[in-house]
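Inspection log for the structure reproduced underneath, given as structure tokens.
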Amino acid sequence: MDYDTALDSAIARLHDEGRYRTFIDIERQRGHFPHAVWRKPDGTTRDITVWCGNDYLGMGQHPAVLAAMHEALETTGAGSGGTRNISGTTVYHKRLEAEIADLHGKQAALVFSSAYVANDATLSTLPKLFPGLIIYSDELNHASMIEGIRRNGGAKRVFRHNDVAHLRDLIAADDPAAPKLIAFESIYSMDGDFGPIQAICDLAEEVGALTYLDEVHAVGMYGPRGGGVAERDGQMARVDIINATLGKAFGVFGGYIAASAKMVDAIRSYAPGFIFTTSLPPVVAAGAAASIAFLKTAEGQTLRDSQQLHARILKMRLRGLGLPIIDHGSHIVPVVIGDPTHCKILSDRLLDQFGIYVQPINFPTVPRGTERLRFTPSPVHDLAQIEAVVKAMDALWGHCALNRAELSA
């Protein structure tokens with residue numbers, strides 16, 4: 001086989017479809033986020049504003065987080081030195097897991113290198129613990145959930161997005177005695193819509209199923225202490241396993257599950273994705289614990305309130321321009337473009353002409369024909385920056401309509 005030709009062909013297909021992904025080299029500036037410096041391929045630089053980051057609350061720059069990380073770095077050094085089973089468990093990891101368990105009102109928590117790994121490792125391990133397990137998965141679940149369910153070798157059923165009636169029909173068609181688990185999300189990040197947590201928990205209790213909730217885009221953002229949508233809706237105690245990340249609203253790195261002590265012990269003991277992975281550096285664990293602790297406070301609620309206000313303002317202003325935004329009431333602001341090439345061109349022009357960085361979102365992250373720009377306003381984006389986005393989108397949308405040839409000229 002001509003391997004180089006095969007690689008050329010694979011990459012060419014992405015270019016032909018308009019969905020080849022380009023890394024934008026940015027340098028975040030401590031204390032100045034969302035300002036950053038864009039280092040262009042030609043070696044020049046430009047000041048930009050980041051509008052597509054997942055550091056939703058700016059906690060990656062927060063003094064409490066940085067102070068905790070500095071302390072841990074000076075105390076322990078850089079890495080953890082091993083897996084959690086072999087020299088890689090420190091007081092910082094235990095402190096972080098205690099903060100997480102407290103956040104979600106669970107007996108225990110388990111930290112992974114990412115929420116992707118946490119989903120994959122946990123969902124692929126559960127059939128080992130519950131032979132004959134059937135997993136019912138929302139069709140729009142994240143790729144990490146899909147991969148974990150696919151790899152576990154057990155039975156799976158896919159229900160239509162947020163369709164509890166369809167879920168009920170699928171469960172009714174299976175053996176009532178079979179162990180069951182329903183896997184879904186609290187916020188689906190590309191549209192910003194909410195999962196029906198209470199209705200799914202009601203059904204799960206009725207049929208004796210476990211519940212697995214991905215709160216990746218909700219932790220830190222919702223609930224009186226940042227526990228997520230389940231906390232906001234008073235459903236946290238009804239969810240058996242909660243998955244989330246430390247790399248979005250908490251502003252650091254890593255992922256986790258929170259559950260009963262027995263469930264966490266079993267996953268810890270059986271999941272290869274946990275057993276054979278070097279643990280988080282103590283400095284990262286320290287920063288994440290400090291971030292969670294801060295966002296549980298009244299000051300954390302102030303950040304959440306400010307973020308929600310800025311999201312509402314941006315949606316209102318973009319809707320006033322007649323742009324096709326999706327608004328389900330969450331903090332995510334998607335503007336649907338509907339074509340990968342046009343989406344990339346619009347993204348490039350926002351960056352080149354206005355210093356506004358918002359990355360195009362294309363297939364397979366979203367279905368073909370729904371390509372979009374996904375804005376993520378934060379408390380540290382000010383009203384002047386929101387105004388700049390609105391004016392830029394108005395100029396580009398109004399003078400270079402997406403169905404006109406001049407957009408791609």
Self-check item: Accessible area per residue in Å² at 1.4 Å probe, computed on the range 1-94
Solution: 62 Å²
Exercise. Could you run the Karplus curve 6.51 cos²θ - 1.76 cosθ + 1.60 with θ = phi - 60° over the range 34-46 and give me ³J(HN,Hα) per residue in whole Hz, x for Gly and Pro?
Key: x, 6, 8, 10, 9, 9, 6, x, 7, x, 7, 10, 8
Quiz item: If you take the alpha carbon radius of gyration of the range 218-262 and divide it by 2.2 N^0.38 Å, what ratio comes out, to two decimals?
Solution: 1.14
Practice problem: Relative to the longest principal axis of the C-alpha atoms of the chain, give the angle of the C-alpha long axis of helix 340-354, reported between 0 and 90° and rounded to the nearest 10°. | Solution: 60 degrees
Quiz item: Quick one: net charge of PRO324's neighbours, Cβ under 15 Å, K/R +1, D/E -1?
Solution: 0
Quiz item: Near LYS180, which lysines are there with a Cα under 25 Å away, not counting those fewer than 8 places off in the same chain?
Solution: LYS106, LYS128, LYS156, LYS262
Quiz item: Counting Lys and Arg as +1 and Asp and Glu as -1, what is the net charge of the other residues whose Cβ lies under 11 Å from the Cβ of GLU387?
Solution: 0
Practice problem: Could you work out which residue, out of ALA266, ALA101, ALA115, moves most in a Gaussian network model of the chain, that is, has the largest mean-square fluctuation with Cα springs under 10 Å? | Solution: ALA266
Quiz item: In the range 1-54, which chymotrypsin sites (Phe, Trp or Tyr not before Pro) fall in coil by DSSP and have 14 or fewer other Cβ atoms within 10 Å?
Solution: TYR20, PHE23
Self-check item: Per-bin percent of Cα-Cα distances, the chain [10 Å]
Solution: 5, 21, 29, 27, 15, 3, 0
Quiz item: When the helices in the chain are scored as -39500 (n - 2.57) per DSSP H run of 4 or longer and the sum is shared across all residues, what 222 nm value do you end up with, to the nearest 500 deg cm²/dmol?
Solution: -13000 deg cm²/dmol
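Out of the chymotrypsin sites (Phe, Trp or Tyr not before Pro) in the range 240-333, which ones are loop residues according to DSSP with at most 13 other C-beta atoms within 10 Å?
Listed in order of number, the matching sites are PHE276.
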Quiz item: In Å, what Rg and Dmax follow from the Cα atoms of the range 222-343?
Solution: 18.4, 54
Quiz item: When the C-alpha atoms of the range 89-136 are aligned to their principal axes, what extent does each axis show, in angstrom, from largest down?
Solution: 37, 22, 16
Exercise. For VAL333, list long-range residues whose amide hydrogen, built 1.01 Å from N in the peptide plane, is under 5 Å from its own amide hydrogen.
Key: PHE375
Quiz item: Where in the chain lies the longest segment free of GluC sites (Glu not before Pro) that are both loop residues by DSSP (not H, G, I, E, B) and have at most 15 other Cβ atoms within 10 Å?
Solution: 140-409
Quiz item: In debye to the nearest 20, how big a dipole does the range 192-319 give about its Cα centre with +1 on each Lys and Arg Cβ and -1 on each Asp and Glu Cβ?
Solution: 560 debye
Quiz item: Amide H neighbours of MET221 under 5 Å, counting only residues 5+ apart in sequence or on other chains, H built in-plane at 1.01 Å?
Solution: GLY228
Self-check item: Protein accessible area in the chain, 1.4 Å probe - carbon and sulfur %
Solution: 55 percent
Quiz item: Helix 383-399: angle to the longest alpha-carbon principal axis of the chain, degrees 0 to 90, nearest 10?
Solution: 60 degrees
Exercise. Counting only heavy atoms of the protein chains, get the accessible area per residue of the range 296-355 (1.4 Å probe) and round it to a whole Å² value.
Key: 42 Å²
Quiz item: Of the residues VAL284, VAL229, VAL158, which exhibits the maximal mean-square fluctuation in a Gaussian network model of the chain defined by a 10 Å Cα contact cut-off?
Solution: VAL158
Exercise. At a Cα cut-off below 15 Å, give the aspartates and glutamates reachable from LYS94, other chains included and same-chain residues fewer than 8 away excluded.
Key: ASP102, ASP265
Quiz item: Relative to the longest principal axis of the chain, what angle (0 to 90°, nearest 10) does the C-alpha long axis of helix 115-129 take?
Solution: 30 degrees
Quiz item: Can you tell which of GLN61, THR76, VAL164 lies farthest toward the positive end of the dipole of the chain, using +1 and -1 charges on the Cβ of basic and acidic side chains (Lys, Arg; Asp, Glu)?
Solution: THR76
Quiz prompt | Cα centre as origin, Lys/Arg/Asp/Glu Cβ charges: the chain dipole, Debye | solution = 320 debye
Exercise. Using Cα positions and a limit of under 28 Å, work out the lysines in reach of LYS315, with same-chain residues fewer than 8 apart set aside.
Key: LYS248, LYS296, LYS344, LYS391
Practice problem: Please provide three numbers in whole Å: the alpha-carbon extents of the range 207-292 along the principal axes, with the largest listed first. | Solution: 38, 30, 17
Practice problem: Amide H neighbours of THR83 under 5 Å, at least 5 residues apart or on other chains, H built in the peptide plane: list them. | Solution: GLY88, SER279
Quiz item: GNM on the chain, C-alpha springs below 10 Å: top fluctuator among PHE33, PHE194, PHE363?
Solution: PHE363
Quiz item: Treating the beta-carbon of each Lys and Arg as +1 and of each Asp and Glu as -1, no other charges, what is the dipole magnitude of the range 81-153 about its Cα centre, to the nearest 20 debye?
Solution: 300 debye
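The values are calculated or read from the model by the stated rules, or taken from the named source; none is laboratory data. All values derive from a computational prediction rather than experimental measurement. Heads up, the Cβs are rebuilt from the backbone with ideal geometry, glycines too, and the neighbour counts pull from every protein chain shown. The protein model used for the area step is the full one, side chains on, heavy atoms only, and it has no ligands, DNA or RNA in it. Shrake-Rupley method; radii C 1.70, N 1.55, O 1.52, S 1.80 Å.
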